[in-house]
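In what follows, a single structure is set out as structure tokens and then discussed.
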Amino acid sequence: MIIGAGASGLAAAVDLKDKADVVIVEARNRVGGRVWTEKFSDGAWIDLGAAFVDGVGPKNPVMQEFKKHGIKTTPVFYDQTAAGNILMWGLTGAKGEQGQAKKFGMCGMLRAGWAYSKLMALYEEDKLARNRQFGALEGPDEDLWSGLRKLKSGGCCGFGGIDSLDATTYAMVKSLVMTNSEFIFTQSIHTLSYRWFQADVVHNGGPSQLYGGDAYPETFLPLGGWQQMCEKLAEGLEIRFETVVAAVRAEGDGVVVELSSGEKLPCAACICTLPHGVLKAEKVAFEPPLPAPKLDAIARMSSGFFNRCAIRFDTCFWATNGMVPCSGRCVVNMRIPTEMGRDDPTNLQCNWWFDWSLVAKSNIIVLFFFSAVAENIEKLADAEVIESALKTLEMHFPKEAVRSSKVLEMKMSRWGADPYACGTYSSYPAGTNGEIHDHMASPHGSVFFAGEATIKGMSQTVAGAMVSGRRAAKEVCDHMKLGLEPLES
Ligand SMILES: Cc1cc2nc3c(=O)[nH]c(=O)nc-3n(C[C@H](O)[C@H](O)[C@H](O)COP(=O)(O)OP(=O)(O)OC[C@H]3O[C@@H](n4cnc5c(N)ncnc54)[C@H](O)[C@@H]3O)c2cc1C
């Protein structure tokens, strides 16, 4: 029995289906889990869960599936060279009203780019020094922002530290750090681990050689969305949809999976792919209880917020935004909050927006919300989210153009409130390290664990989820003496 038809559960089932009778029980009415492609009425698509493929090397299991099923990809274009599209915004006035956003000039971009690359180089040096002194898993830790603020270098080309930067450069550098931390790890820079920052990232020396490492630096998107890959994986598998698991109990050598309906499903072994957030929210009971190291890892690990909102308009009013030629690509536009904008607890401003029209051939803009802002936006009704999005877009485009365009449809995620995800994906708060993934992965009697939160070095990704599913399938085979070829390293 496999709990969950996300990427990890499907990958496990594919490996096991010829060896044993495999049934997947899935709470939703679809496969994919945190892979979720939504369709607009004009046929355009948007991924509200996994969106990007990093490191498109031939060993990446995702790329292997794309190749097998003829799924094409398109590169993502970060519009940082056309600095005119990057906006800096703040708040003014006693009521905290939106200030006039100003365009971030090329000189500012170059200054901030230099400062950011210096900062990250110092961070890598410091991390290596700490690894040499304490070993990779030990040594003092602190929150990411506090640690970064201490980094300085001397000499004629020295970097005087974040706090020595002028206000504009500071805002941009902080935004870049936040983009690479709050976006990728869905946690505030004030809670993320300094020591484990970017530990699972493909590039920047991350350990995920399986992806192809630095040989494949560009980011891609699958055309048509990610869900098609999960649907292909699911072909020929036995899946019971809308089947919510309430408890997992050991019975003799086997397991009984108990549903919320009260039905009991006995099986010889079980692979549990419940997301970390679901385990942390204790939505499913385990009997006997999970061991202390696993419970501790669940408690210490964190699954934060990251939501997208895609709006389809009747006109493409943003097409006049001076875009550089990027036919067929997804263009990312950054928005940089000043300290005033960032510190507002009611902030609903997105950090990025995508021009999705070039990829989806439909008048669609996609707004990205990370961390605390993503948590705020989840609480609003759809109409309120749209109104807030229109106010944001008014900072970029003439108000008349924004307001005279009709909103035709809106699709958005609310991953925190989703009872079958309870958050976005796992991350390392300060004081934790990659060992927590090992505890998340360790079997419990005849119950085996898979999912993105159970794999060190590849967590937070679809590829990692798939590899974890295959690892669990191998463990089940060993346990039941079914015989399965070892995973290719
Ligand atoms: C907003 C967002 C952006 C992301 N961006 C990227 C990206 O760009 N690139 C990338 O590679 N990865 C990305 N990810 C991460 C990626 O989506 C996940 O790592 C991966 O899909 C997790 O797969 P999984 O099988 O571990 O978990 P899931 O896909 O969550 O599968 C678990 C399954 O268990 C089911 N379930 C939960 N509770 C129960 C229950 N009680 N009973 C029965 N079934 C239950 C769920 O419905 C789900 O189908 C993103 C994720 C999110 C949310």
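Values quoted throughout were computed directly from the atomic coordinates according to the rules given, and no laboratory measurement underlies them. Computed from a predicted model, the values in this text were never measured in an experiment. All Cβ positions, even for glycine, are placed from backbone atoms using ideal geometry, and neighbour counts span all protein chains on display.
Please report the antiparallel percentage of the DSSP beta bridges confined to the chain, to the nearest 5. Roughly 70 percent of the beta bridges in the chain run antiparallel, per DSSP.
Potential lengthening of the chain between GLU394 and LEU265 amounts to 41.0 nm, from the contour at 0.36 nm per residue minus the alpha-carbon distance. Modelled this way, with points 7 Å down the Cα-to-C-beta line, the labels at SER164 and THR346 are 4.0 nm from one another. Of interest is the spacing of the C-alpha centroids, which for segment 258-282 and segment 126-161 amounts to 42 Å. Rounded to the nearest 10 degrees, the angle from helix 462-480 to the longest Cα principal axis of the chain is 10 degrees. Exceedance of the 21 Å cut-off in Cα-Cα distance is limited, within the set LYS361/LYS391; LYS67/LYS232; LYS379/LYS411, to LYS361/LYS391. Only helical runs count toward this figure. For the chain, summing -39,500 (n - 2.57) over DSSP H runs of n ≥ 4 and dividing by all residues gives -9000 deg cm²/dmol at 222 nm. Highest mean packing first, where packing is the average number of other Cβ atoms within 10 Å per residue, the peptides 221-233, 119-131, 1-13 line up as 1-13, 221-233, 119-131. Grouping the Cα pair distances of the chain into 10 Å bins from zero gives a pair-distance distribution of 4, 19, 29, 26, 15, 6, 1, 0 percent in increasing distance order.
For a straight C-alpha distance cut-off of 18 angstrom, the lysines reachable from LYS283 (same-chain residues fewer than eight places away being disregarded) are LYS264, LYS294.
Put in line by how crowded their Cβ is, counting other Cβ atoms within 10 Å and starting with the fewest, PHE448, PHE313 read PHE313, PHE448. Among 148-161, 252-265, 174-187, sorting by the average number of other beta carbon atoms lying within 10 angstrom of each residue, highest first, gives 174-187, 252-265, 148-161. Computed extension length for GLU242-LYS39: 71.0 nm, one decimal, from 0.36 nm per residue of separation with the Cα-Cα distance subtracted. Here the relative contact order of the chain, from alpha carbon pairs under 8 Å that lie six or more residues apart, stands at 25 percent.
Report the gain in length on full extension from GLU142 to ALA129: 0.36 nm times residue separation, minus Cα-Cα distance, nm rounded to one decimal.
Using 0.36 nm per residue and subtracting the Cα-Cα distance, I get 3.1 nm.
Kirkwood radius and radius of gyration were both taken over the C-alpha atoms of segment 100-166, and their ratio Rg/Rh is 1.08.
Each label was represented as a point 7 Å from its Cα along the Cα-to-Cβ direction; for MET106 and VAL23 these points are 6.5 nm apart. Computed from backbone phi, the HN-Hα couplings of segment 219-224 come to 9, 10, 10, x, 5, x Hz, rounded to whole numbers (Karplus: 6.51 cos²θ - 1.76 cosθ + 1.60, θ = phi - 60°; Gly and Pro given as x).
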